[in-house]
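*Asks:* Take this structure first; my questions come after.
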Amino acid sequence: MQEEHVDKTREQVRARLAAWWEANARDLPWRFGRTTPWGVLVSEVMSQQTQMSRVVPYWTDWMRTWPDAAALAKASTAEVITAWGRLGYPRRALRLQECARVVADQYGNALPDDHDTLLSLPGIGDYTASAVSSFAFGRRVAVIDTNIRRVLSRVLLGVESRGGSATRAERDLANDALPDDTAKSVIWNQSVMELGAVVCTAKKPMCEVCPVSTCCAFLAAGRPGLGERRTRPRQRFQGTDRQVRGIVLNALRRRHDGGLTAGLPRAEAESLWPDQGQLAACIASLDDDGLIEINKDGSLSLPR
DNA sequence: GTCCGGGATT
DNA sequence: AATCCCGGAC
């Protein structure tokens, strides 16, 4: 009896979300079979910590410049870092290029469609492997990101999902809720994630326009704990190493874009940030990460 | 000005 | 558990 109710609710949620997806899915250029699996991977890596709307122009330019893994594998690292622009977390760009080299060299320029093989590639973790399996290869896999965790937890359980990494219960829920039909499972993943991105947002969900508001356990319960809990520990940016690294890298990017091939003189680098100790540590960490090169005269360059 | 959102790696 | 970035919303 109880299980029957759960099944009916889930069937209703699926049908409504599928209809909503049909009418409201954002027309992103990597959707609806308009790109290759590699193109889907690039979109997922770019979207890992960045809003889709910011990703679109970068993705379009990137794919025009490097349409496949082999093309990216041959690019200079300086070009790759420059093209990554201000998407943030530039190590993602390096890993994507490492990934491209593995795909080009070891997999004949074809992105593997096996989940475990995808997981073994640089920069591809559990989320991205699942997303590519589902969205690019149409396989039946539960995709789990923060949007999906939040939506499933709210709609089906009536509670906020907890911060940090996905719990066992959340993974079980995602697997349990995934439609048996493979084609439907892909739509499900995409529509749940899309709902979380544009309607069922963390802080101010727009329940008035939500297609599943009439069968949402969270809304029925009075949205308990809404906005109380942050999804993760807050990270300041001002004054952090991340800001300093960003400033240094941006200076080198602009130089590269302006056609200057000589390195950034150390004296100019030192004027970028007042705290010389912090600056030196950040320059060293960028060098460690392979994001910059320190020349013999102490000047800085993007890696060739 | 301050806050918010996002996954991989070590 | 800590580290990695940025722009847009307030």
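*Asks:* Can you pull the percent of region A:241-301's accessible area that's carbon plus sulfur, 1.4 Å probe, other chains left in place?
*Replies:* Its accessible area is 51 percent carbon and sulfur atoms.
*Asks:* State, to one decimal in nm², a quarter of the convex hull surface area for the C-alpha atoms of region A:241-301, i.e. the direction-averaged projected area.
*Replies:* Numbers: hull surface 15.0 nm².
The orientation-averaged projected area of the Cα hull of region A:241-301 comes to 3.8 nm².
*Asks:* Which value, in Å², gives the accessible area per residue of chain A when a 1.4 Å probe is used on the protein heavy atoms?
*Replies:* Details: 15710 Å² over 304 residues.
Normalised by residue count, the accessible surface of chain A is 52 Å².
*Asks:* Once phi is turned into θ = phi - 60°, what whole-Hz ³J(HN,Hα) does the Karplus curve with 6.51, -1.76 and 1.60 give for every residue of region A:96-104, x standing for Gly and Pro?
*Replies:* Per residue, the Karplus-derived 3J(HN,Hα) values read 5, 5, 4, 4, 4, 5, 5, 4, 5 Hz.
*Asks:* Quick one: compute the contact order of region A:37-136, relative version, from alpha carbon pairs under 8 angstrom and 6+ residues apart, as a percent.
*Replies:* 34
*Asks:* Could you rank A:58, A:89 by how accessible they are, 1.4 Å probe, largest area first?
*Replies:* Putting A:58, A:89 in descending order of accessible area: A:89, A:58.
*Asks:* Could you put A:126, A:288 in order of accessible surface area, largest first, with the 1.4 Å probe and the full protein assembly present? Display every interim value, and only then the final one.
*Replies:* Working: A:126 85, A:288 130 Å².
Solvent-accessible surface, decreasing: A:288, A:126.
*Asks:* Quick one: order A:102, A:40 from most to least accessible surface, probe 1.4 Å.
*Replies:* I get A:102, A:40, largest accessible area first.
*Asks:* Let me ask something additional. Hey, how many Å between the Cα centroid of region A:74-131 and the Cα centroid of region A:1-68?
*Replies:* That distance is 19 Å.
*Asks:* Now, a different point. Using only protein heavy atoms and a 1.4 Å probe, report how much of residue A:120 is accessible, in Å² to the nearest 10.
*Replies:* 80
The values are calculated or read from the model by the stated rules, or taken from the named source; none is laboratory data. These numbers were taken from a predicted model, which means no experiment stands behind them. In case anyone asks, the SASA skips ligands and DNA or RNA and just uses the protein heavy atoms, side chains included. Shrake-Rupley method; radii C 1.70, N 1.55, O 1.52, S 1.80 Å.
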